[in-house]
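> Below is a structure I'd like to ask you about.
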Amino acid sequence: MTYEFFPISPRMKRKREAVRDRVIVYDVENAAIATEESKRCGSMLPYMKHAKVIRAMLEKRECRVYDDEMLVCSKGREFCGNSPNPFWPIGFSSLRGVANGSWTLRDDGYYHNPDDAICHMAISKEDYDEYLKIADYWKDKQPSTHIDPVLPDGYKEICRVGGSPCGPSMPVIMGPAGHLTPGYNNLVTKGWGNVLHEAQDWLDAHYNNLMGADTDKYMFYTSVVDICEGMISLANHYANACDSKAQELERLAGSEAGSETSIGTGIGAGDTPVGAAAGMTLQERAAELRGMADDLRWISTRTPRHFRDACQMVLLYIQLIFIENITDIGSCGRFDQYTWPFLKSDLENGYITLEQAQEIVDCFFLKINELYGGSEGPIAQIAGVGNTYMHTTIGGVDPKTGEDASNPVTYMVMAALGRMKLHDPTISLRINKNTPEAVWDCAIRVNKMVGGLPLFQNDEEIIPGLQRELGFTLEDARDYAIIGCQEITGSGNDYACCNGVIPPNVNLHYSVLLDMAINNGINPYNGEQSNIHTGYLYDMKSIDEVKDAWYKLADYTLKGVLSVNNLAEYVIQQYTPFTSLSVFIDGCMESGYDCTWGGAKYNEYGGTATGLATVADSLTAIRYMCFDHNYCTTRELYNAVMANWEGYEELRARIVREVPHF
């Protein structure tokens with residue numbers, strides 16, 4: 001059986017082209033709101049102040065509805081725009097180009113980055129001038145400013161020596177903590193209203209009665225109320241915007257010319273079109289907008305009724321994550337699993353067709369793509385333009401039964417990826433021994449269309465691995481999801497800091513450390529000496545001595561970055577708790593503790609071991625050439641490495657040709 005793709009609707013074609021051709025316009029709306037609220041809160045406890053600021057950004061931001069949209073959400077004021085949170089130094093980093101002159105002010109009143117840049121960005125002169133005032137206010141209020149004065153000397157050594165991405169000019173805390181999968185299933189089965197009542201009930205029960213650890217829980221539940229109230233306001237603001245757009249179309253339809261008009265204008269930065277989608281009359285588009293408004297008001301306090309409002313609810317939650325700038329979480333979770341019950345009900349009740357559902361899925365993933373905030377230079381080249389890191393997992397098994405859980409949404413996600421040739425968000429297909437042949441056929445077909453997607457994740461290996469290595473229950477292990485690059489996490493129950501609490505500062509360049517280990521702890525790239533002296537390769541008598549030298553240096557350096565990571569974790573707990581994530585992560589609402597405070601059911605930490613394959617290849621080459629076969633001396637190999645192989649080309653060619661390597 002071959003899955004047949006539905007044709008792409010005209011409006012999704014237009015929307016896809018608009019996303020592809022976007023100019024990412026920065027604005028300071030969120031920053032201005034955050035600054036005003038931060039000043040209003042004064043010296044309030046940082047934990048609670050953080051939630052107040054997020055609530056203000058949700059309640060006071062302008063909500064726009066663009067033509068061709070069936071679902072709404074936006075990171076910035078303009079289409080595909082970016083309105084960063086000033087709390088994080090990384091948010092406005094691209095605007096350095098305005099200050100250094102690489103961005104130019106043009107006749108349209110906007111600073112633009114160079115035309116030959118692979119990602120086009122802009123900011124109005126008015127917004128940039130306002131940003132300068134805002135940036136000055138936040139200089140001593142960002143998380144890193146609280147840790148920089150108390151950094152241990154060991155961190156300074158790591159920066160100086162160069163065994164990790166850490167650098168003396170980089171903020172220690174550049175962005176938020178954690179790479180995890182939010183509790184999307186809890187979101188659609190509980191909703192904001194129920195969580196709000198749950199938090200308020202606790203506060204009411206502890207009125208004038210806070211004992212012991214209740215003070216910690218008081219801060220948590222108070223923050224939960226703020227976040228929930230903010231999200232309820234956001235959904236209603238969007239509902240009002242939909243109604244306003246519908247009213248405008250109804251007025252046009254009431255005129256003689258408008259009553260015969262069926263139009264579909266394009267979408268551009270700063271444009272707020274009023275037309276209907278192609279093939280729809282103004283009245284039909286107005287009715288659709290009224291339905292969208294009804295959905296938004298419903299999900300503001302209740303759980304979804306249908307497939308479309310379930311997708312809408314998830315999008316608004318993701319918008320919250322982006323507004324708070326905790327985008328390193330990197331996951332849309334098991335999208336086909338938590339949305340399928342709603343589509344199944346809609347299909348059974350004749351509320352929707354599969355083709356209509358496919359258009360909703362198309363719109364959902366285009367909206368995710370719109371949330372890309374722009375980047376320049378090496379980051380844009382390495383990570384790719386449009387990369388939101390919102391990894392989406394489909395397929396796999398049912399957590400309770402272990403049976404294959406593929407469903408029609410599984411196919412629709414792959415179809416959206418293939419038909420619209422999307423490379424973001426990254427899609428992982430979970431496979432197992434019972435994966436239907438039709439799923440394989442669809443996945444391979446899409447892989448040919450877009451090149452490398454979906455990725456394939458093997459349930460047969462990953463599920464027992466999660467049980468064995470992380471202590472997951474069988475049911476939780478069966479429910480895993482992939483995040484970011486390709487890290488494995490639990491679904492809505494796991495505070496998974498796969499890249500440390502403060503990425504990327506927990507990363508180590510292990511291959512650089514090997515170069516240092518055979519050079520007495522001196523980095524040959526910059527000449528800096530570590531406090532650890534390991535000796536020189538030419539004095540080492542066995543491969544075990546080489547390994548021991550590397551282990552010694554790697555252990556020392558890893559402990560150094562972990563020490564800073566642990567210190568940063570305390571700062572994050574106090575200044576930037578993740579209430580927005582904790583509301584739907586298993587364990588947090590039950591315990592009254594934020595996920596950054598250990599409230600989640602599972603907690604796991606890790607770092608990026610950059611260059612381990614290179615270390616393995618290098619150790620193999622040293623053993624093979626110097627100790628197993630004596631093809632060269634350790635002095636000769638040391639000299640070749642220190643010379644970067646200049647003058648030793650024959651030796652290098654022999655190593656490449658003969659030595660087994662990854």
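> For MET280, work out the one condition from (1) at pLDDT 95 or above; (2) open to solvent by 10 Å² or more (accessible area, probe 1.4 Å); (3) hydrophobic (A, V, I, L, M, F, W, C) it doesn't fulfil.
So the condition that MET280 fails would be (1).
> Do we have LEU637 as open to solvent by less than 40 Å² (accessible area, probe 1.4 Å) and assigned to a helix (DSSP H, G or I) here?
yes
> Same structure, new question: Considering only the range 442-463, state which residues are part of a helix (DSSP H, G or I) and either touching an Asp or Glu at 6+ places or on another chain (Cβ under 7 Å) or open to solvent by less than 60 Å² (accessible area, probe 1.4 Å) (or both).
Hits for the range 442-463 are CYS442, ALA443, VAL446, ASN447, VAL450, ASP459, ILE462, ILE463.
> Which of the residues belonging to the range 121-145 are open to solvent by 40 Å² or more (accessible area, probe 1.4 Å), in a loop (DSSP other than H, G, I, E, B) and in contact with a helix residue (DSSP H, G or I) (Cβ under 8 Å, 6 or more places away or on another chain)?
Within the range 121-145, LYS139, LYS141 qualify.
> Only one of ILE572, ILE622 is at pLDDT below 95 and part of a helix (DSSP H, G or I). Can you tell me which?
ILE572
> Here is a further query. Take the residues in the range 146-182 that are under 19 Å from the mean Cα position of the chain (by Cα) and part of a loop (DSSP other than H, G, I, E, B), then tell me which one is surrounded by the most Cβ atoms within 10 Å (Cβ to Cβ).
LEU180
> Take the residues in the range 303-354 that are modelled with pLDDT under 95 and of a type in the set (Ser, Thr, Tyr); name whichever of them is least open to solvent (accessible area, probe 1.4 Å).
The qualifying residue least open to solvent (accessible area, probe 1.4 Å) is SER331.
> How many residues does the range 623-651 contain that are in contact with a Phe, Trp or Tyr (Cβ under 6 Å, 6 or more places away or on another chain) and not β-branched (Val, Ile, Thr)?
Residues that pass the stated criteria total 4.
> Here is a further query. Name, by its number, the condition in (1) farther than 28 Å from LEU474 by Cβ; (2) assigned to a strand (DSSP E or B) that does not hold for ASP548.
(2) is the only condition that ASP548 fails.
> Residue under question is TRP103, and the condition is that it be more than 21 Å from the chain's Cα centre (by Cα), crowded, with 23+ Cβ neighbours inside 10 Å and among the aromatic types (Phe, Trp, Tyr); does it hold?
Yes; evaluated as a whole, the condition is true for this residue.
> Out of the range 49-69, which residues are within 30 Å of ILE572 (Cα to Cα) and either among the small types (Gly, Ala, Ser) or open to solvent by 40 Å² or more (accessible area, probe 1.4 Å) (or both)?
ALA51, LYS52, ARG55, ALA56, GLU59, LYS60, GLU62, listed by residue number.
> Oh, and also: Out of curiosity, is ASN208 under 30 Å from ILE488 (Cβ atoms) and either assigned to a loop (DSSP other than H, G, I, E, B) or open to solvent by 40 Å² or more (accessible area, probe 1.4 Å) (or both)?
Criteria not met by ASN208.
> How many of the residues making up the range 24-63 are in contact with a helix residue (DSSP H, G or I) (Cβ under 7 Å, 6 or more places away or on another chain), modelled with pLDDT of 95 or more and among the charged types (D, E, K, R)?
Going through the range 24-63 one residue at a time, the tally reaches 7.
> Another one. Would you confirm, using the coordinates I've provided, whether ASN85 is assigned to a helix (DSSP H, G or I), within 17 Å of PHE322 (Cβ to Cβ) and not aromatic (Phe, Trp, Tyr)?
Criteria not met by ASN85.
> Which one of the conditions (1) within 30 Å of CYS242 (Cα to Cα); (2) touching a strand residue (DSSP E or B) at 6+ places or on another chain (Cβ under 6 Å) does HIS120 fail to meet, given that it meets all the rest?
Result: HIS120 fails condition (2) only.
> Restricting attention to the range 129-139, which residues are free of Cβ contacts under 8 Å to residues at least 40 places away in the same chain and either within 28 Å of SER511 (Cα to Cα) or under 26 Å from the mean Cα position of the chain (by Cα) (or both)?
LYS139
> Sticking with this one: Mind listing whichever residues of the range 538-577 are hydroxyl-bearing (Ser, Thr, Tyr) and touching a Leu at 6+ places or on another chain (Cβ under 8 Å)?
The answer is THR557, and nothing else.
> Give the residue, chosen from LEU470, LEU466, LEU474, that is open to solvent by less than 20 Å² (accessible area, probe 1.4 Å) and more than 15 Å from the chain's Cα centre (by Cα).
LEU466
> Conditions: (1) touching a residue at least 60 places away in the same chain (Cβ under 8 Å); (2) of a type in the set (Lys, Arg); (3) not in a loop (DSSP other than H, G, I, E, B). LYS75 meets all but one. Number of the miss?
So the condition that LYS75 fails would be (3).
> Right, something else. Considering the range 485-513 alone, what residues qualify as being open to solvent by 10 Å² or more (accessible area, probe 1.4 Å) and outside any strand (DSSP E or B)?
CYS485, GLN486, CYS498, ASN499, PRO503, PRO504, ASN507, TYR510, SER511, VAL512
> Mind counting the residues in the range 464-484 that are outside any loop (DSSP other than H, G, I, E, B) and in contact with a Ser or Thr (Cβ under 6 Å, 6 or more places away or on another chain)?
Qualifying residue count for the region: 3.
The values are calculated or read from the model by the stated rules, or taken from the named source; none is laboratory data. Only a predicted model underlies this, so the values are computations on that prediction, with no experimental measurement involved. Cβ atoms come from the backbone with ideal geometry, glycine included; neighbour counts cover every protein chain shown. What goes into the accessible areas is simple: the full protein's heavy atoms, side chains included, and nothing from ligands, DNA or RNA. Shrake-Rupley method; radii C 1.70, N 1.55, O 1.52, S 1.80 Å.
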